[in-house]
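**Student:** Have a look at this one before I ask anything.
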There are 4 protein chains.
Amino acid sequence: MTADRTPTSSPVPTPSSPAPDIVRCASMELVVTDLAASREFYVDVLGLTVTEEDEEAIYLRTLEEFIHHNLVLRQGPVAAVAAFSYRVRTPEDLDKAVAFYSELGCRVERREDGFVKGIGDSVRVQDPLGFPYEFFHAVEHVERLAWRYDLYTPGALVRLDHFNQVTPDVPKAVRHYQDLGFRVTEDIQDSDGVVYAAWMRRKPTVHDTAATGGDGPRMHHVAFATHEKHNILAVCDKLGALRRSDAIERGPGRHGVSNAFYLYLRDPDGHRVEIYTQDYYTGDPDNPVVTWDVHDNQRRDWWGNPVVPSWYTDASLVLDLDGEPRPVVARTDASEMAVTIGADGFSYTRKDDAEGTSDHEQGEYKLGNQL
Amino acid sequence: MTADRTPTSSPVPTPSSPAPDIVRCASMELVVTDLAASREFYVDVLGLTVTEEDEEAIYLRTLEEFIHHNLVLRQGPVAAVAAFSYRVRTPEDLDKAVAFYSELGCRVERREDGFVKGIGDSVRVQDPLGFPYEFFHAVEHVERLAWRYDLYTPGALVRLDHFNQVTPDVPKAVRHYQDLGFRVTEDIQDSDGVVYAAWMRRKPTVHDTAATGGDGPRMHHVAFATHEKHNILAVCDKLGALRRSDAIERGPGRHGVSNAFYLYLRDPDGHRVEIYTQDYYTGDPDNPVVTWDVHDNQRRDWWGNPVVPSWYTDASLVLDLDGEPRPVVARTDASEMAVTIGADGFSYTRKDDAEGTSDHEQGEYKLGNQL
Amino acid sequence: MTADRTPTSSPVPTPSSPAPDIVRCASMELVVTDLAASREFYVDVLGLTVTEEDEEAIYLRTLEEFIHHNLVLRQGPVAAVAAFSYRVRTPEDLDKAVAFYSELGCRVERREDGFVKGIGDSVRVQDPLGFPYEFFHAVEHVERLAWRYDLYTPGALVRLDHFNQVTPDVPKAVRHYQDLGFRVTEDIQDSDGVVYAAWMRRKPTVHDTAATGGDGPRMHHVAFATHEKHNILAVCDKLGALRRSDAIERGPGRHGVSNAFYLYLRDPDGHRVEIYTQDYYTGDPDNPVVTWDVHDNQRRDWWGNPVVPSWYTDASLVLDLDGEPRPVVARTDASEMAVTIGADGFSYTRKDDAEGTSDHEQGEYKLGNQL
Amino acid sequence: MTADRTPTSSPVPTPSSPAPDIVRCASMELVVTDLAASREFYVDVLGLTVTEEDEEAIYLRTLEEFIHHNLVLRQGPVAAVAAFSYRVRTPEDLDKAVAFYSELGCRVERREDGFVKGIGDSVRVQDPLGFPYEFFHAVEHVERLAWRYDLYTPGALVRLDHFNQVTPDVPKAVRHYQDLGFRVTEDIQDSDGVVYAAWMRRKPTVHDTAATGGDGPRMHHVAFATHEKHNILAVCDKLGALRRSDAIERGPGRHGVSNAFYLYLRDPDGHRVEIYTQDYYTGDPDNPVVTWDVHDNQRRDWWGNPVVPSWYTDASLVLDLDGEPRPVVARTDASEMAVTIGADGFSYTRKDDAEGTSDHEQGEYKLGNQL
């Protein structure tokens, strides 16, 4: 059943060429408008380790990473995402990536020396949904700092966990990423079958990437993992101490979807960064897909705390292969924010209580968003 | 300096009789309208231990408590607080309590057998601010369950930490409670000297009780302590699993005031319960008083997360010694909610950014309360 | 490099038949001599969930598991392990398993209805190293209790993490399990190339199973994962409260190997159970293998706390397919205990300090084992 | 009952002069033989904050402290303790201290400018048990760093919690410290009434100091508190990363006595430092005293893990008021180590199992100390 393809009325064609064997989401390249400010945020505040840097770019990694980097910050004129980068299993998977996307008529660029430092032979494409995807295998190994507890901070980030992409047509995106080898682990739907978001994985966690319904292509967030929940609380405490608490956009809280503990931050350019911990193993072939009702008030926050509107509306531009921002296409399906927040929205904590109840009435103590 | 009396234009007279020597806040008696529903909340959900119960009342305690109870739930017609109960150092302190309040012209009632099970000779008064205060020394000892880890739940509550009282005139309240022997540890003021809230202690934590400015006398909350922050998160997770997340009113979060980690719940009658951990030692005679600016957006939540309006507006009635609800007097001083939330309010994250900035502008990612 | 086969002087032949595609270690069947006592240990103390039980067997699972069980307790005359059970990717992998082991001349038994409740078509073999291995794909799905925080205990076990097998010839075992598709992630060696232990994985954690050098075939331990370290401490606290602290054999502590936080318990039959959390992602094809020096005092415990001798010497018998205990063959290579503990042993905390230093001299404050 | 004096056959006389009103243990002055090595240990490894330093001494404090320091490291020829320093409630309590000890015939020295930087008028005495006790009230206030989460490390130390003193005659010591105003909270005895150790408090925690039976006067340890248990584990992890795990003498573990989570380290001079968290409130006048049986295997470690011999035998010298080490007097009462560890010792996990059982037999998996 999980191997079934998601139905969609406007599918991207399924290539006859086999998909590259993606191991995991591995790195993101972010364009930032003030490299020094971004360095302060990611290095001084969040504690990522600098593998290498020059005047134009900083290559960062988490404590358990052994490849050269899992975040690149590059100075540029417009804040945007230059690449969602995935590691593939073998060098030959790059040939497969070229064939797969070429068959789809996508623009494909390959550089034997890589697009960024520390990474070898790489393929970048503008995928059928408009996202700049990158694939690589060859990479420079660096010290895995997992045992270097002398370097840990209270909010230590240990892994890059996932990406999240905003796209107008979620089923179309899911179907395409299934063609690329991803499996759905969870999604949000309504009783009419409208899909508001879906989570998809290669490595056996809840996701390597997710599709969030909205105007796109845009990048919703990039997520780094900590070991424990207190590490995430420590990030908040430090931001408070630095009088930068307004960088906290949403959370901390417990997700319904993924069951993970989360926090959303906004970097100096507004790029959204999630800090995330403790989802669950999904590696079995028949791992049960969890479908959440869009009106379930605990789907996004298990504790029923409100999602702030900016979390639904804001996202980062993505670049094409020439480095130009991709135009954004509006979502035409129902919006999750519209159907769940505010005067027109509807959500419930207990399904049986839902009849005729707006969230004005049922969530009597959480009126922050109705003032 | 901390021994100085808070100035107030409308002081309660300072009795010539010495105040009783209060050891700590020790117990609260809550009137609830559905004893079974309250039992489910406090016992099944929060995990308090039943020391004793009958058809009219349930006597509960936390895991580290060795006196008979620190919470009494009593069935009654109107949800309210029947007693804020303090333990005094010696039996003779009850005589002092009688003299102290009698001199103030307060109604005083003394029962040698106590007002509730498990507690001996007790004095109840209607204090000058309208609150039902109780004092006792003699108490039945029960097993301190601190070592009984077989009984611990993930959200285990270990101590009663403090009360919080809503009163229209905070300086008047503070001055009176200083007369009763309390010391101020922190407060919230504005640059005009308006005092919005103050925290006061007998035991060397941040407080045994606090005065919150608002229509009163009412009870804002009663707080229980956990050992660690994850215990508080576990309470939220469990409420989500039970589909009772709407019992979560505010938090979890880090307080600015007190530096403690917190969560606010509402019980089936709307009584507010805080779960609280990790404030700091305040027992030195010259413990520095921390004064927060009412416009400091991190005073109530160190992470700048918004305070929901109900937290400012809702509170529990208190009873007089005849068991009748006390009439509520409106606050005439500025309201903290009015000066900080919404279209008219003003708060800042960085003081230097504050000039001409409303929270609409500065807190760009936390617009949940402006929808 | 990690794809290279470990050299061994006495290899099990590599079959020409392809190995079954193992997804993960999935379940262990333990024979216990007092089912009621074992139930108390695993259910009442450790909090595993009973999926199903009868007079002869109890089927248990962790909170995040969605297959029928990951531990079977079966009443029997001799405490032993009846099966190390792995899930394979497809039903066809069972045919591969039959062919793979048949080619090796191993005894193979297949039951279309499975050997235990809740599991369908299964293959059991007595593998070339003498271990009872089981493979299955078809399984009954049950509720994944991950979101059921109302059922969590302070020491909640969420996943089966790994097995650990005692075998006299570690390189021989590693080479054979590499043939079966496992990859080495870490090992312990000395400067002469003697291999004392190796960790091998299918799912991308540090291991699904490990080979520990010693008299075998025996089962060293089965490990369950918690979310956080405090959950493991809670298991210890509860055992203390129940006056069963002598079930704690070793730990809690931080492993050098795997970097995980650990605790070793002994069940009522002496079967060793590890509670384990927070190793690292190993799923990349070139994941760096970590080799530890057997004399490194932090390899087994990162804090240098001594390994108790029983941990080296005790292990559980394993059964053949007739249910008879397999005879145990003595290890002839050097023993890790002999080379590191006690009067003859040698270990160091700082390699440069090691010259001429026995652990008597260097570990001056940890003399517990020299009394 | 807790106000009763401990019986002793060799009491120090009870002065007629009233005891000074001690608020809490406040600071220790340690003489170290290599100031740079000690600085590295306390500042770089443990993360204490330097308030002030010069070539001869370093003044350190924990994150929640607001007085000038709570640890002084002073360069000297012999590692020892120069002062156990207590804060008193008022300046007049110094006069009381002078009178109290003068009446006992103790050597008393008073310096209006204090003995160390940051502290004013102070009294130092050589107390009747041979310990260098200091009392002060006036002190320089410094920033309480509690909210400075940008300065926190994973193992952040927040308070000085207590001292621990080794003395040959525990009842004599307890009786004397009761005269000084301390209250016993817990102790360890045998069925013959031999007292092996006692815990005594002024502030309402389990102790400000403790008397441990052994050759004395010596200092057993000084303890600093963290907020949570993971902070203590982080200290261990960091010591491992720095290849200084041999500084870990005992633990981490859960105490039976005090119910706190603990770790014992040894500094470069061998001074023992405890890291400690989560004991319980003891401030009520009738706080129940907990008496542990010396043969209860869970009294020192709730998980039954063995106490290493060095923890019983090693301790720091203390200085007299001339700065000379005090001679050590041997304990003549039974030694806790002798009665509980090794071939002659006896301890039990379950009292009913105890009959005729040595720890060889009952603790079958914890034989580390019998090799």
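**Student:** Could you go through the range C:100-105 in sequence order and give the Karplus-derived ³J(HN,Hα) for each residue, using 6.51 cos²θ - 1.76 cosθ + 1.60 with θ = phi - 60°, rounded to whole Hz, and x for Gly and Pro?
**Tutor:** Each residue of the range C:100-105 in turn: 4, 7, 4, 4, 7, x Hz.
**Student:** Now for a separate question. For a quick check of understanding: with a 1.4 angstrom probe and all protein chains in place, what accessible area in square angstrom does residue A:145 have, to the nearest ten?
**Tutor:** 10 Å²
**Student:** Which one of B:248, B:205, B:235 has its Cα pushed farthest toward the positive end of the charge dipole of the range B:196-248, where Lys and Arg give +1 and Asp and Glu give -1 at the Cβ?
**Tutor:** B:205
**Student:** Computing the accessible area with a 1.4 Å probe over protein heavy atoms, can you report the carbon and sulfur percentage for chain C?
**Tutor:** Of the solvent-accessible surface of chain C, carbon and sulfur hold 48 percent.
**Student:** While we're on this one: Summing Lys, Arg as +1 and Asp, Glu as -1, what charge do residues with Cβ under 9 Å from the Cβ of residue D:38 carry, residue D:38 excluded?
**Tutor:** -3
**Student:** Moving on to the next point. For residue A:104, list long-range residues whose amide hydrogen, built 1.01 Å from N in the peptide plane, is under 5 Å from its own amide hydrogen.
**Tutor:** For residue A:104, no residues qualify.
**Student:** Just to be sure I understand the interface: list residues from the range C:239-255 that lose 50 Å² or more of accessible area between the chain on its own and the complete protein assembly, 1.4 Å probe.
**Tutor:** Output list: C:241, C:243, C:245, C:246.
**Student:** Taking Rh as the Kirkwood radius computed over C-alpha pairs, what is the Stokes-Einstein D of the range C:72-113 at 4 °C in a medium of viscosity 1.567 mPa s, expressed in µm² per second?
**Tutor:** So the translational diffusion coefficient is about 103 µm²/s.
**Student:** If each of residue C:293 and residue A:291 carries a label point 7 Å out from its Cα toward its Cβ, how far apart are those two points in nm?
**Tutor:** Computed distance between label sites residue C:293 and residue A:291 equals 5.9 nm.
**Student:** For the range B:129-277, what size does the Cα cloud have along each of its three principal axes, sorted from largest down, in whole Å?
**Tutor:** Here the Cα extents, ordered largest to smallest, are 48, 38, 28 Å.
**Student:** With all protein chains present, calculate the accessible area of residue C:292 using a 1.4 Å probe and round the result to the nearest 10 Å².
**Tutor:** Looks like 20 Å² after rounding.
**Student:** Put +1 on the Cβ of every Lys and Arg and -1 on every Asp and Glu Cβ in the range B:1-93; which of B:13, B:48, B:25 then has its Cα farthest towards the positive end of the dipole?
**Tutor:** Farthest towards the positive end: B:13.
**Student:** Apply the Debye scattering formula to the range A:199-252, with a single equal point scatterer on each alpha-carbon and no solvent, then give log10 I(q)/I(0) at q = 0.12, 0.21, 0.27 Å⁻¹.
**Tutor:** -0.42, -0.95, -1.08
**Student:** Structure shown: which of B:229/C:229; A:229/B:238; C:238/D:229; A:238/D:229 lie over 18 Å apart, alpha-carbon to alpha-carbon?
**Tutor:** A:238/D:229
**Student:** Can you give me the orientation-averaged projected area of the convex hull built on the Cα atoms of the range D:53-133, in nm²?
**Tutor:** Mean projected area of the Cα convex hull: 6.2 nm².
**Student:** Now for a separate question. Once the cut-off is 26 Å, how many percent of the Cα-Cα pairs in the range A:211-362 end up in the long-distance tail?
**Tutor:** Of all Cα-Cα distances in the range A:211-362, 36 percent exceed 26 Å.
**Student:** Any idea which of C:62, C:290, C:337 is furthest toward the positive side of the dipole for chain C, if Lys and Arg beta-carbons carry +1 and Asp and Glu beta-carbons -1?
**Tutor:** Selected residue: C:62.
**Student:** Can you list, shortest first in nanometers, how far residue C:44 lies from the same residue in the other copies, with each label 7 Å from Cα toward Cβ?
**Tutor:** Copy-to-copy label distances for residue C:44: 2.4, 5.3, 5.8 nm.
**Student:** Residues with amide H under 5 Å of residue A:23's amide H, sequence separation 5 or more or different chain, H placed in the peptide plane at 1.01 Å from N; which?
**Tutor:** Excluding prolines and chain starts, which carry no amide H, the hits are A:87, A:88, A:89.
**Student:** Related question: Compute the separation of the alpha-carbon centres of the range C:308-350 and the range C:87-102 and state it in Å as a whole number.
**Tutor:** 31 Å
**Student:** Can you list the residues in the range D:297-322 whose accessible area drops by at least 10 Å² when all protein chains are present, compared with the chain alone? Use a 1.4 Å probe, heavy atoms only.
**Tutor:** D:298, D:302, D:303, D:305, D:308, D:309, D:310
**Student:** To check my understanding: the extent here is largest minus smallest coordinate of the Cα atoms along each principal axis. What are those three numbers for the range B:9-168, in Å, largest first?
**Tutor:** 50, 32, 31 Å, listed from the longest principal axis down.
**Student:** For a bin width of 10 Å, list the pair-distance distribution of chain C built from all Cα-Cα distances, rounded to whole %.
**Tutor:** Result returned by the calculation: 5, 24, 35, 25, 9, 1, 0.
**Student:** What is the interface area between chains C and A, defined as buried accessible area summed over both chains with a 1.4 Å probe, reported in Å² to the nearest 100?
**Tutor:** 3200 Å²
**Student:** For the range C:208-223, take each phi angle, set θ = phi - 60°, evaluate the Karplus expression 6.51 cos²θ - 1.76 cosθ + 1.60, and give the result in whole Hz per residue in order, putting x for glycine and proline.
**Tutor:** 9, 8, 9, 10, 10, x, x, 5, x, x, 9, 9, 6, 6, 10, 10
**Student:** Based solely on C-alpha atoms, express the radius of gyration and the Dmax of the range B:123-184 in angstrom.
**Tutor:** Looking at the range B:123-184, its Cα Rg and Dmax stand at 16.9, 46 Å.
**Student:** In terms of the ratio Rg/(2.2 N^0.38 Å) built on C-alpha atoms, what value belongs to the range D:306-354?
**Tutor:** The value comes to 1.65.
**Student:** Taking a point 7 Å out from Cα toward Cβ as the label site, list the nm distances between residue D:112 and the same residue in every other copy, smallest first.
**Tutor:** 5.7, 8.7, 10.3
**Student:** Find the centroid of the Cα atoms in the range B:132-167 and in the range D:1-75, then give the distance between the two in whole Å.
**Tutor:** Taking the Cα centre of each part, the range B:132-167 and the range D:1-75 sit 32 Å apart.
**Student:** What is the magnitude of the charge dipole of chain D about its Cα centre, with +1 placed on the Cβ of each Lys and Arg, -1 on the Cβ of each Asp and Glu, and no other charges, expressed in debye to the nearest 20?
**Tutor:** Result for chain D is approximately 380 debye, rounded to the nearest 20.
**Student:** Counting only protein chains, not ligands or nucleic acids, how are A:141, B:68, D:227 ordered by accessible area (probe 1.4 Å), most first?
**Tutor:** Sorted by accessible area, descending: A:141, D:227, B:68.
**Student:** So if we plug the beta-carbon distance of residue A:333 and residue C:33 into 1/(1 + (r/R0)^6) with R0 = 60 Å, what FRET efficiency do we get, rounded to 0.05?
**Tutor:** So the FRET efficiency works out to roughly 0.50.
**Student:** Please report, in whole Å, how far the alpha carbons of the range A:109-151 spread along each principal axis, starting with the longest.
**Tutor:** In descending order, the Cα extents are 44, 23, 13 Å.
**Student:** Given a 1.4 Å probe and heavy atoms of the protein chains only, how would you sort A:64, A:103, C:109, largest accessible area at the top?
**Tutor:** Sorted descending by solvent-accessible area, the residues read A:103, C:109, A:64.
**Student:** Using the Cβ atoms and a cut-off under 14 Å, what net charge is assigned to the surroundings of residue B:283, where Lys and Arg are +1 and Asp and Glu are -1?
**Tutor:** +4
**Student:** Let's see if you can work this out: charge +1 on each Lys and Arg Cβ, -1 on each Asp and Glu Cβ, no other charges. What is the dipole magnitude of the range D:91-137 about its Cα centre, in debye to the nearest 20?
**Tutor:** About 200 debye.
**Student:** Right, another one. Protein chains only, probe 1.4 Å: how do C:177, C:152 rank by accessible area, largest first?
**Tutor:** C:152, C:177
**Student:** Quick one: pull the percentage of alpha-carbon pairs in the range A:175-224 with a separation above 17 Å.
**Tutor:** I get 39 percent for the Cα pairs in the range A:175-224 exceeding 17 Å.
**Student:** Also, I was wondering about something else. I need the inter-copy label distances for residue A:75: point set 7 Å along Cα to C-beta, values in nm with one decimal, smallest first.
**Tutor:** 4.6, 7.5, 7.7
**Student:** Would any residue of the range C:157-184 have its amide N under 19 Å from a label point 7 Å out along Cα→Cβ of residue C:8? List them or say none.
**Tutor:** The answer is C:163-184.
**Student:** Taking accessible area as the heavy-atom solvent-accessible surface of the protein chains with a 1.4 Å probe, which residues of the range C:122-148 lose no less than 40 Å² upon going from the isolated chain to the full protein assembly?
**Tutor:** Listed by number, the residues meeting the 40 Å² cut-off are C:144, C:147.
**Student:** Leaving out ligands and nucleic acids, and using a 1.4 Å probe, what accessible area per residue does the protein assembly as shown come to in Å²?
**Tutor:** That works out to 31 Å² for each residue.
**Student:** Which value does Rg/Rh take for the protein assembly as shown over its C-alpha atoms, Rh per Kirkwood?
**Tutor:** With Rh from the inverse mean 1/r over Cα pairs, Rg/Rh is 0.96.
**Student:** Between residue A:109 and residue C:191, what FRET efficiency comes out of the Förster formula 1/(1 + (r/R0)^6) with R0 = 51 Å and r the beta carbon distance, rounded to 0.05?
**Tutor:** 0.55
**Student:** Then there's this: Determine the percent antiparallel among the DSSP beta bridges restricted to chain C, to the nearest 5.
**Tutor:** If I count the DSSP bridges inside chain C, around 70 percent turn out antiparallel.
**Student:** Okay, next question. Say we join alpha carbon atoms closer than 10 Å with springs in a Gaussian network model of chain A; which of A:14, A:62, A:212 then has the biggest fluctuation?
**Tutor:** Between A:14, A:62, A:212, it is A:14 that shows the largest mean-square fluctuation.
**Student:** List, in order, the whole-Hz ³J(HN,Hα) value for each residue of the range D:266-271 obtained from phi through the Karplus relation with A = 6.51, B = -1.76, C = 1.60 and θ = phi - 60°; use x for Gly and Pro.
**Tutor:** 10, 7, x, 9, x, 4
**Student:** Springs between alpha-carbon atoms under 10 Å, Gaussian network over chain D: tell me which of D:72, D:125, D:290 tops the mean-square fluctuations.
**Tutor:** D:290
**Student:** In whole Å, how far is the Cα centre of the range C:218-246 from that of the range D:238-304?
**Tutor:** 19 Å
**Student:** Moving to a separate point now. Where Lys and Arg each count +1 and Asp and Glu each count -1, what net charge lies around residue B:326 among other residues with Cβ under 12 Å from its Cβ?
**Tutor:** With Lys, Arg at +1 and Asp, Glu at -1, the net is -3.
**Student:** Another question, if that's okay. Return the chain B residue and its Cβ-to-axis distance, rounded to the nearest Å, for the rotation relating B to D.
**Tutor:** B:228, 2
The values are calculated or read from the model by the stated rules, or taken from the named source; none is laboratory data. Source: prediction; values computed, not measured. Heads up, the Cβs are rebuilt from the backbone with ideal geometry, glycines too, and the neighbour counts pull from every protein chain shown. When the accessible area is computed, the model is the full protein with side chains, heavy atoms only, and any ligands, DNA or RNA have been set aside. Shrake-Rupley method; radii C 1.70, N 1.55, O 1.52, S 1.80 Å.
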